[in-house]
Amino acid sequence: MLNRLREASQARGNPRIPATRRRQHSAGKRRLTASDVYTGRDPQGLGNVFGRLLAERGWNSPVAVGSVMARWTELVGSEISAHCLPESFDGKTVLVRCDSTAWATQLRLISPDLLGRFEKELGAGVVTAISVMGPSAPNWRKGGRSVRGRGPRDTYG
């Protein structure tokens, strides 16, 4: 699974950064101090360790995708998130389902502003498009068996 994630990361253009980089010491370069190189002995902050882990594995983009779904209310605001929820993330496109056609239209109109906010909060190129869908039609099929035909609409007169 790790190899598949690495290949997917390389296909997206996120290069893998090796865990250890050896710097050659030459006369013309600045001498490295203890604070420049992490030796693994000093305690580090969790954010630094986690960020380094993501960069080494090439998982920056998948984590950013997950943060769109998890931080939806924070990114778009409470009023929009009450009526529009993200359903899935395909490539660099977020699929959003709205509870009414009016909210779907409104979200389509403000999607350039939202994309700018996503770029500022998550980084460039994580989300490039928002696909907005209106409410789904009711399903008249109930139970395991159904009769072909128009359904309940054929009894309305």
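The values are calculated or read from the model by the stated rules, or taken from the named source; none is laboratory data. Small disclaimer: the values here were computed from a predicted structure and weren't measured. Note: ideal-geometry Cβ built from the backbone for every residue, glycine included; neighbour counts use all protein chains shown. Protein only, heavy atoms only, side chains kept; ligands, DNA and RNA dropped before computing areas. Shrake-Rupley method; radii C 1.70, N 1.55, O 1.52, S 1.80 Å.
Brief remarks follow.
- Note on Ser131 and Met1: their simple-model spin labels are 2.6 nm apart, each label 7 Å out from Cα toward Cβ.
- For Leu75, net neighbour charge (Lys/Arg +1, Asp/Glu -1) across residues whose Cβ lies under 15 Å away: -2
- Å² per residue, accessible surface of region 89-150 at 1.4 Å: 71
- Dipole-positive endmost among Ser131, Ile80, Gly143 within region 70-148 (Cβ charges, Cα centre): Gly143
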